[in-house]
Amino acid sequence: MRERFEKHGLFLAVLLAVALVSSACSKKPEVELAHHLDAVADILEAKEDDPIAAFDELHKYLRKNLPEIARLYGELAVELDELEDKGERKDRLEEMLTALEAPAKRLNKAGMALGQKNDKQLEILGKVMEIAARWEVVGDAFKEEFGGGGLGMMM
């Protein structure tokens, strides 16, 4: 037994230390979601003069990060749903909204600036529609396969 501990003890101690540090450094879902909103605003601001390039970059970002963004949103929704006390739920929602307010306003401002490129309005709309159509295929397939209830209703 002692030999096994000596052999694996250091590994276990390092693993425990990493777990403790990770849990201490974990962020609340709304903080992680706020980082994604800021990242999207960064993309739109950096490519403000080229809206088509902005949406191409945004599409790449969402391909990589949309699963995490959806997970974070789901965590927030479930967390609020699990709070039975209305006062606690209201306070927690306020905390979430406070964390998301500045990044959401920044993203909205960047999106509005990009949308005001009047000479590119039709190109921008075309790019947005192209991206939406590619993703809409999944929802349409689920609705067709599973009907209007259950999983099909979620899409």
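Throughout, read-outs are computed from the coordinates displayed, never taken from laboratory work. Because the structure is predicted, anything quoted here is derived from the model rather than measured. When we count neighbours, we look across all protein chains shown, and the Cβ atoms used for this are built from the backbone with ideal geometry, even at glycine.
Calculate one ³J(HN,Hα) per residue across segment 95-109 by plugging θ = phi - 60° into the Karplus curve 6.51 cos²θ - 1.76 cosθ + 1.60, and present them in order as whole Hz with x for glycine and proline. Residue by residue, segment 95-109 yields 4, 4, 5, 4, 5, 8, 4, 4, x, 5, 5, 5, 5, 4, 4 Hz.
Given R0 = 35 Å, the distance between the Cβ atoms of LEU97 and LEU125 translates into a calculated FRET efficiency of 0.70.
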